[in-house]
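Participant: So that we are looking at the same thing, I have put the structure below in C-alpha cells.
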Amino acid sequence: MIQVFFNLLIERLRPLADGRQAININDWLQYTTFDITGELEFGESFGCLEKGEYHPWIKVLLSNFRKIILFGASQLIPGLRFLVGLTIPKAVMQQRQQHFSY
C-alpha cells in the first residue's frame with residue numbers, strides 16, 4: 001500500500017522535474033505522508049498527491065498547530081483555559097471547531 005503512494009509521488013514529480021520551475025519537495029513529502037497516514041488510519045487517502053495540494057483539514061492543522069496545542073494544554077490547568085481563550089483570535093477558534101467537525 002505504501003509503495004503505491006511512493007509510485008504516485010514519483011509519477012507526480014516527474015513532469016515537474018522535467019521543467020525549469022522550482023518545486024517545494026517538503027510539500028510533496030508531506031502530501032505523501034498525509035496520504036499514507038489517511039489510508040492507514042481512516043481507510044482512505046486525503047488525495048493530496050493526486051491534487052498536488054493539501055486537504056482543507058490539513059491546511060487548518062498546519063496553519064494553527066501551535067495555537068491548537070496551546071489551547072489544548074491550557075485545559076489541563078484550572079483557570080488557564082479562560083485566559084488563553086482571551087488571547088486566541090475568534091478565527092482560530094472557528095478553525096478549531098472546523099478541525100473537530102472533520
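The values are calculated or read from the model by the stated rules, or taken from the named source; none is laboratory data. What you see is a predicted model; the values in this text were computed from it and never measured. Neighbour counts are summed over all protein chains in view; Cβ atoms, including those assigned to glycine, are modelled from backbone coordinates with ideal geometry. When the accessible area is computed, the model is the full protein with side chains, heavy atoms only, and any ligands, DNA or RNA have been set aside. Shrake-Rupley method; radii C 1.70, N 1.55, O 1.52, S 1.80 Å.
Participant: Only one of the values (i) 55, 32, 18; (ii) 38, 29, 21; (iii) 52, 34, 24 was calculated from this structure for Cα extents along the principal axes in Å; name its label.
Facilitator: Of the listed options (i) 55, 32, 18; (ii) 38, 29, 21; (iii) 52, 34, 24, (i) comes from this structure.
Participant: Roughly how many Å² is the accessible area per residue of region 15-102, as a whole number, for a 1.4 Å probe?
Facilitator: Heavy-atom SASA per residue in region 15-102 reads 70 Å².
Participant: Quick one: helix 56-74 against the long Cα principal axis of the chain, what's the angle to the nearest 10°, folded into 0 to 90?
Facilitator: 30
Participant: Using a 1.4 angstrom probe with every protein chain in place, what is the largest-first accessible-area order of ASP18, ASP35?
Facilitator: My answer, sorted largest first, is ASP18, ASP35.
Participant: A follow-up question, please. If one takes the longest principal axis of the Cα atoms in the chain, at what angle in degrees, from 0 to 90 and to the nearest 10, does the Cα axis of helix 25-42 lie?
Facilitator: 70
Participant: While we're here: Loop by DSSP (not H, G, I, E, B), at most 14 other beta-carbon atoms within 10 Å: where is the longest site-free stretch of the chain for GluC sites (Glu not before Pro)?
Facilitator: 54-102
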